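See structure below.
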């Protein structure tokens with residue numbers, strides 16, 4: 001692990017928080033997108 | 001050929017679907033390069049030491065937190081005036097992203113504040129108005145999810161977004177006034193953008209661009225999902241009516 | 001318009017809710033504070049302006065969901081929408097009725113509660129003045145929040161989430177005016193801003209409230 005002097009923890013913590021939250025956002029969005037697609041496919045099948 | 005053609009959901013989806021992967025990968029690339037450069041290749045600043053590296057996640061997220069609300073305001077206005085569903089759904093899609101960006105801005109700000117100002121949190125104008133912005137996002141999202149009828153929800157949240165914008169600006173000025181009443185806060189908000197060192201300039205710009213593209217890609221993905229969801233709900237409603 | 005105002009006032013007094021409850025809540029919050037922070041006189045004197053303002057704000061929030069809820073349930077809101085009186089006017093009158101039954105009693109009672117918190121003697125006038133200027137804005141903003149959430153079942157909690165951030169500027173300037181008054185500083189700026197917020201709220205929010213009501217009645 002790289003050493004950033006006395007602020008090592010703070011730097012890694014802030015990058016970790018950022019990347020973690022962004023990844024969570026991506027995963028949530030993709031899950032929602034997939035669910036919406038599945039639901040639409042199902043609805044179109046029963047409709048047609 | 002006018003821009004309003006993209007207000008047609010089908011046309012919007014057909015146009016944006018091939019664009020999404022490009023924007024996504026470009027944003028990944030920019031964020032990776034920007035943050036990597038910022039993390040490993042920048043020197044320590046004089047008075048901040050290595051904590052200055054937090055700038056490369058803090059500033060872009062703050063930038064997007066404000067611009068996301070601004071984008072929601074514009075799309076809400078378009079929805080109220082021209083009644084394009086895509087516009088309303090885009091505003092809805094942007095809200096959680098803006099909320100997360102605000103959260104990142106607050107969290108990284110707190111982590112940055114601890115070593116440099118000696119405190120995690122201060123009731124300082126910038127911080128205070130950002131916390132209020134976060135509350136606005138929460139209220140907006142809560143109102144969207146509380147109302148079943150999609151058009152009603154879109155109308156009400158648009159009105160809330162416009163009124164909220166006025167009050168968000170008002171809160172900002174109130175907080176500045178109030179903060180000055182307590183202590184001199186100018187030392188806290190050292191001008192980050194203007195007296196920035198050239199060696200920090202490029203990674204900062206790259207990660208800002210990356211965050212902008214990230215926002216665009218996610219808004220497109222989420223808007224497409226919401227369009228699909230809306231159509232599915234309409235079809236299901238029709239099927240139910242046919243069955244009964 | 002006047003008839004609507006009188007009807008609302010009469011309903012509020014007869015139901016007993018808006019009138020008594022808000023005041024009682026105000027009193028209880030103010031009484032609870034010394035139990036929480038301790039009875040030291042200096043501390044109470046210092047935090048009294050803020051406590052009184054926050055308590056008044058919460059008390060005003062408490063009765064907001066009754067502004068439109070009952071009228072929505074028994075259908076008189078739909079009647080109002082079709083009556084010759086524009087909905088903007090109706091929203092304005094509703095806010096006014098709410099202020100007369102909540103904001104005004106709170107303003108009148110606040111100096112009395114100031115004694116309980118050892119409010120600085122110089123601050124009483126400013127407390128009264130700032131509440132008199134600021135509580136109308138609380139009622140008008142609250143009416144807007146109530147109009148947004150009128151169609152939602154159990155919308156009270158959601159309405160608090162929507163309305164409280166909108167209350168922030170009013171609270172800041174209101175409490176600041178009292179604090180400055182207590183310390184003998186100039187109070188013209190916060191009081192002017194407070195009056196400005198109230199005037200702006202009454203000028204613009206009736207339209208936003210009426211728009212929200214129309215959507216909810218559609």
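We did not get these values from a lab; they are worked out from the coordinates using the rules stated. Predicted, not measured: the structure shown is a model, and the values here were computed from it. Methodologically, a virtual Cβ is constructed for each residue, glycine included, from the backbone with ideal geometry; neighbour enumeration extends over all protein chains shown.
So here's what we get for this one:
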quantity	calculated
Angle between chain B longest axis and helix B:9-40 axis [Cα atoms, degrees, rounded to 10]	10 degrees
Span per principal axis, largest first, for the Cα atoms of segment C:121-168 (Å)	45, 14, 14
Distance from segment C:37-89 to segment B:102-137 (C-alpha centre basis), Å	30 Å
Sorted by Cβ density within 10 Å, fewest first, the residues C:42, B:236	C:42, B:236
Alpha carbon centroid spacing (whole Å) that separates segment B:65-91 from segment C:127-171	24 Å
Cα-only radius of gyration and Dmax that characterise segment C:55-184, units Å	16.4, 52
Crossing angle, helix B:85-117 versus chain B [Cα axis fit, 0-90 degrees, rounded to tens]	20 degrees
Degrees separating the helix B:150-182 axis from the principal Cα axis of chain B, which is the longest one	20 degrees
Per-residue mean of C-beta atoms belonging to partner chains within 10 Å, peptide B:142-152	4
Largest-first principal axis extents of the Cα set of chain A (Å)	65, 14, 6
Per-residue average of Cβ from other chains inside 10 Å of B:161-168	5
Hydrodynamic radius (Kirkwood) for chain B, which is based on Cα pairs only, to one decimal in Å	19.8 Å
Gyration tensor (alpha-carbon) shape descriptor, the protein assembly as shown, a/c threshold 1.5	oblate
Bins of 10 Å, starting at 0 and running to the largest distance - Cα pair percent for segment B:90-168	18, 43, 24, 12, 3
Likely footprinting exposure, C:7, C:180, A:39, B:82, fewest C-beta neighbours within 10 Å first	B:82, C:7, A:39, C:180
Shielding score for B:225-237, defined as the mean number of other chain Cβ atoms within 10 Å	6
Protection proxy ranking of B:123-130, C:48-55, A:23-30 - average other beta-carbon atoms within 10 Å, highest first	C:48-55, B:123-130, A:23-30
Diffusion coefficient, µm² s⁻¹, Stokes-Einstein with Kirkwood Rh over alpha-carbon pairs of chain C at 37 °C and 0.692 mPa s	186 µm²/s
Sorted by Cβ density within 10 Å, fewest first, the residues C:127, C:104	C:104, C:127
Relative contact order of chain B, defined on C-alpha pairs under 8 angstrom at six or more residues apart (%)	34 percent
Centre separation in Å (Cα based) which lies between segment B:216-244 and segment B:138-161	17 Å
